[in-house]
Amino acid sequence: MAQRVYQVWKGKNKFLLKGRLIFGPDASSLIVTLMLILIPVIIFCTFVARNLIKEFAAQTAGYAVYLVAIIFTIQVLVLLLLTSARDPGIVPRSPHPPEDVSGYDSSASVEVGGAQSLQLPRTKEVFVNGLPVRIKYCETCMIYRPPRCSHCSVCDNCVERFDHHCPWVGQCIGKRNYRCFFLFVSSSALLCVFVFSMSALYMKFLINDYGTVWEAVKVSPASMVLMGYCFVLFWFVGGLTGFHTYLITTNQTTYENFRYRAQNSINVYDRGCGNNFAEVFCRRRESSKINFHGLENEELSKPPKGSIPAMPIGNPDETRRVKVEHSLEMGNDLLNISQWHDSQEAADIRTRATGG
């Protein structure tokens, strides 16, 4: 009987609903994240928002505070689920090393444990927007990683546009869930600001009623605890929001920023602030390259999505083209598709620059 892909997947992911939900191996950390969100909100609604209804007895503002807190919390939880339970952009593994490699001497081999093993080049050079970019061969997934792809040591998968592995959501942050991750972090920061502001407002009402801060704190210690908690937490989620806003404006990932910061090299992916924002927030989310719920045999027999007949690779001055057949290995298909896409973008940019 054929097995489902999620049942035989070699990564360290955890699956629910027969592969429809995919988590990282540290998905249990989600419990901590949920508690950090839900417990303060429950305290706020019980000891602050309910009393603000009394303070605004002649108005509906008190109920609005209650409603906004609940809506904000639901939004944060939904974004958390979409970030942590979604395929971040995992690249399919290849069942064996690529055989058709440009510039590769198939006769070269190295003896490993008494057996002959083909020695593949560690890196290849592709062009992105007319500039050379080196991509690496992944020995675990047995593919040449597409540009901006990296192998996550926690999940044991190659992930497209890999940003980082976030232990707070128990998932890699990559091409398919980065938008939801940013919205989750920024919404959490706004929730902190809202709870802090409303708690401070309630404290002001109590100070006016009882005359001193100490008396107000004795009446509502929960308000002071929430203010302190939100103040500390805002430095974390607010700082993350600011940092990732900077990354979006410059079209970088966390991985690229920390690894290549000291090199002062040109960012070949930066297309201007407006286009960079549009790329993250306006571009349609691509479908997953792997159907984890599907049957293993069906997935292996299907050709990669978006395969094309031919495309240029390597130096643009060279006239050689590599023909991509349906029988090519999965790793080479992914690489060639990525190269074709990048070369098309480069051609579009040059056409616009010349006014054509």
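The values are calculated or read from the model by the stated rules, or taken from the named source; none is laboratory data. These numbers come from a predicted model, not from an experiment. When we count neighbours, we look across all protein chains shown, and the Cβ atoms used for this are built from the backbone with ideal geometry, even at glycine.
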Scan segment 223-249 for residues that are over 30 Å from TYR269 (Cα atoms), touching a residue at least 40 places away in the same chain (Cβ under 8 Å) and surrounded by fewer than 18 Cβ atoms within 10 Å (Cβ to Cβ) and jot them down. VAL225
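I'm checking my understanding of the structure. Among residues of segment 194-219 that are among the hydroxyl-bearing types (Ser, Thr, Tyr) and closer than 20 Å to PRO40 by Cα, which one is surrounded by the most Cβ atoms within 10 Å (Cβ to Cβ)?
SER199
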So which of TYR246, TYR260 is within 20 Å of the chain's Cα centre (by Cα) and at pLDDT below 95? TYR260
Any residue at all in segment 49-59 that is modelled with pLDDT of 90 or more, hydrophobic (A, V, I, L, M, F, W, C) and either closer than 30 Å to VAL219 by Cα or outside the structural domain of TYR137 (by TED's automatic domain parsing) (or both)? yes
Find the residue count for segment 157-174, including only residues that are over 17 Å from ARG259 (Cα atoms) and surrounded by fewer than 24 Cβ atoms within 10 Å (Cβ to Cβ). 2
Taking segment 1-31 and the residues there that are free of Cβ contacts under 8 Å to residues at least 60 places away in the same chain and under 21 Å from the mean Cα position of the chain (by Cα), the one that is farthest from ILE71 (Cα to Cα) would be LYS14
List every residue pair whose Cβ atoms sit under 9 Å apart, with the two residues 6 or more apart in sequence or on different chains, where the first one lies in segment 119-143 and is at positive phi and modelled with pLDDT of 80 or more and the second, anywhere, is of a type in the set (S, T, N, Q) and assigned to a loop (DSSP other than H, G, I, E, B). MET142/SER94
Checking the structure you have, find out if any residue of segment 196-211 is within 30 Å of the chain's Cα centre (by Cα) and either of a type in the set (Ser, Thr, Tyr) or under 23 Å from THR73 (Cα atoms) (or both). yes
